[in-house]
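Q: First the structure, then my questions, so here it is.
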Amino acid sequence: MENLHLFGVGLGLGLIVIGAGLGIGRLAAAAAEGIARQPEAADKITGAINLPLFLLEGVAVIGEVFALLIVLMK
Amino acid sequence: MISGGEQTHGSSVVDQVGENIIHHVSNSDIQHPIVHLPHIFGIDMSVTKHVLMLWIVAVLVSVTVIIPIRRFLRKSDGVPTGMANAIESVVQFIRDSIVVPNLGPKWVNTWAPLILTFFFFILFANAIGMVPIFDLLGVFNRFVLGIPASDSHNFINGILHGGVTATGNFNVTVALATVTFFAIIIAGTKAHGFIQHWKNLVPHGLPWPVYIILIPIEIIGMFVKPFALTMRLAANMTGGHIAILAILSFMAIFAEMFQSTVTGVSLALFSIPMATAITGLEIIVVLVQAYVFTLLSAVFIGMAINVHH
């Protein structure tokens, strides 16, 4: 039972990937749709999705760091 | 990779791989510094691997950015040539796409220098980790000069173990984010005055029970912003290197698992293209992370200046 934390890390990493993937996917889909409707606004749309995209990525990365910490620190 | 076998005799490859990868991305031991310096105020000032990389980055930024700009400023005709052209395009991109939209035209000349310094420094520090010059030096050290990996006083052995990305060290990014933290406060103070800056943290005109919840949240948020910057940069720079090394380690792991050299060598057909692809991805990550840090710093500073509650 002493390696149970590894099980949790594996599960958690999977959940992080699902969450981040869904989030980035939704952003990319919305951006693609917006640009398809209004190609001249492409620059503005890209600028607007950049910030939430990086914030989302930051949360995912922090989750991964904590997962790594669980493995390293036990 | 080269030194792992001699440091831990007897244990299996799988046990050594994890240790080796962590060794690659972490700072070198303070007990065996690269350059010995005296203690100042009880702090050991000796130079470790990442500090040496910071020095190299500082020299590189000076040579490729500061010197061409100085030379350009001395010119009388004001036409940029050579390196100054390249720098001008980057500076203009950062100013027009990051600083102006977030800080507003009034404060551009106040904060663009800080944002640009962040960008150039982080870009160089990130990118230098992708240059495998230190791994080559290690191979040269071992097989041409014949110095064993266990010699911890050798200069090249000290800087070895590849992947020397200074921004992959959390201490470096904490320092960078601390600059952003104080820049936010100074920007707010300069724009609105010291008292008004702290008042601006929460919207005014709400019923008082809301403030009991809101003020602690805003104070936590003040510290979470630089914390997120720290984690994002360091974790991204460390993560890519770990992924590359882990994929390359598959060769050793599988060769031991199946007790055959052929398996290990044939796995190279998978490992090497995969590691090359991730290296390509890392080059994008290097650029994107430098951009993200500067963008978010500009956004946070802009939030303190242009309060819209």
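The values are calculated or read from the model by the stated rules, or taken from the named source; none is laboratory data. Note that this is a predicted model, so its numbers are computed, not measured. Positions of Cβ are backbone-derived with ideal geometry, glycine not excepted, and every protein chain shown enters the neighbour counts.
Q: Might you check whether a residue that is within 14 Å of another protein chain (Cβ to nearest Cβ) and either surrounded by 12 or more Cβ atoms within 10 Å (Cβ to Cβ) or assigned to a helix (DSSP H, G or I) (or both) occurs anywhere in the stretch A:1-10?
A: yes
Q: For the stretch B:210-232, enumerate the residues that are away from chain A (no Cβ under 12 Å) and β-branched (Val, Ile, Thr).
A: Passing the criteria: B:Val210, B:Ile212, B:Ile213, B:Ile215, B:Ile217, B:Ile219, B:Ile220.
Q: Among the residues of the stretch A:18-48, what is the count of those that are within 14 Å of chain B (Cβ to nearest Cβ), touching a residue at least 12 places away in the same chain (Cβ under 8 Å) and surrounded by fewer than 16 Cβ atoms within 10 Å (Cβ to Cβ)?
A: Number satisfying all stated conditions: 1.
Q: Still on this structure: Answer yes or no as to whether A:Gly63 is within 14 Å of another protein chain (Cβ to nearest Cβ) and either part of a helix (DSSP H, G or I) or over 18 Å from B:Gly240 (Cα atoms) (or both).
A: yes
Q: For the stretch B:117-140, what are the residues that are within 21 Å of B:Ala290 (Cα to Cα) and in contact (Cβ under 8 Å) with a residue 60 or more places away in the chain? Break it down stepwise before answering.
A: The initial filter retains those residues of the stretch B:117-140 that are within 21 Å of B:Ala290 (Cα to Cα), namely B:117-132.
Once the filter is applied, which keeps residues that are within 21 Å of B:Ala290 (Cα to Cα) and in contact (Cβ under 8 Å) with a residue 60 or more places away in the chain, the stretch B:117-140 yields B:Phe118, B:Phe119, B:Phe121, B:Ile122, B:Leu123, B:Phe124, B:Ala125, B:Asn126, B:Ala127, B:Ile128, B:Gly129, B:Met130.
Q: Being surrounded by 11 or more Cβ atoms within 10 Å (Cβ to Cβ), aliphatic (A, V, I, L, M) and assigned to a loop (DSSP other than H, G, I, E, B) is the filter; apply it to the stretch B:132-156 and report the residue that is modelled with the lowest pLDDT.
A: Applying the filter and picking the extreme gives B:Ala149.
Q: Do the conditions hold for A:Leu55, that is, is it part of a helix (DSSP H, G or I), within 13 Å of chain B (Cβ to nearest Cβ) and within 25 Å of B:Ser297 (Cβ to Cβ)? Please lay out each step first, then the result.
A: Working: part of a helix (DSSP H, G or I): yes; within 13 Å of chain B (Cβ to nearest Cβ): yes; within 25 Å of B:Ser297 (Cβ to Cβ): yes.
So A:Leu55 fits the description; yes.
Q: Kindly indicate whether any position in the stretch B:190-202 is modelled with pLDDT of 85 or more, within 14 Å of chain A (Cβ to nearest Cβ) and either under 24 Å from B:Val299 (Cβ atoms) or part of a helix (DSSP H, G or I) (or both).
A: no
Q: Just to verify a result, which residue in the stretch B:29-72, among those that are modelled with pLDDT under 80 and touching a helix residue (DSSP H, G or I) at 6+ places or on another chain (Cβ under 6 Å), is farthest from B:Met83 (Cα to Cα)?
A: Only one residue tops the list, namely B:Ile34.
Q: Also: Search the stretch B:265-309 for residues being of a type in the set (Gly, Ala, Ser) and more than 24 Å from A:Leu56 (Cβ to Cβ), and hand back the single one that is surrounded by the most Cβ atoms within 10 Å (Cβ to Cβ).
A: B:Ser271
Q: Could you give me the residue pairs with C-beta distances under 7 Å whose first residue belongs to the stretch B:181-199 and is aromatic (Phe, Trp, Tyr), whose second residue is surrounded by 12 or more Cβ atoms within 10 Å (Cβ to Cβ) wherever it lies, and which are 6+ apart or on separate chains?
A: Final answer for the pair search is B:Phe181/B:Pro226.
Q: Suppose we filter B:Leu206, B:Leu269 for residues that are more than 24 Å from the chain's Cα centre (by Cα), more than 30 Å from B:Asp96 (Cβ to Cβ) and not in a helix (DSSP H, G or I); which single one remains?
A: B:Leu206
Q: Of all residues in the stretch B:97-115, how many are of a type outside the set (Gly, Ala, Ser) and over 21 Å from A:Thr46 (Cβ atoms)?
A: So the answer is 9.
Q: Since B:Ile283 meets every condition but one in (1) under 19 Å from the mean Cα position of the chain (by Cα); (2) modelled with pLDDT under 85; (3) closer than 27 Å to B:Leu116 by Cα; (4) away from chain A (no Cβ under 14 Å), which condition does it not meet?
A: (2)
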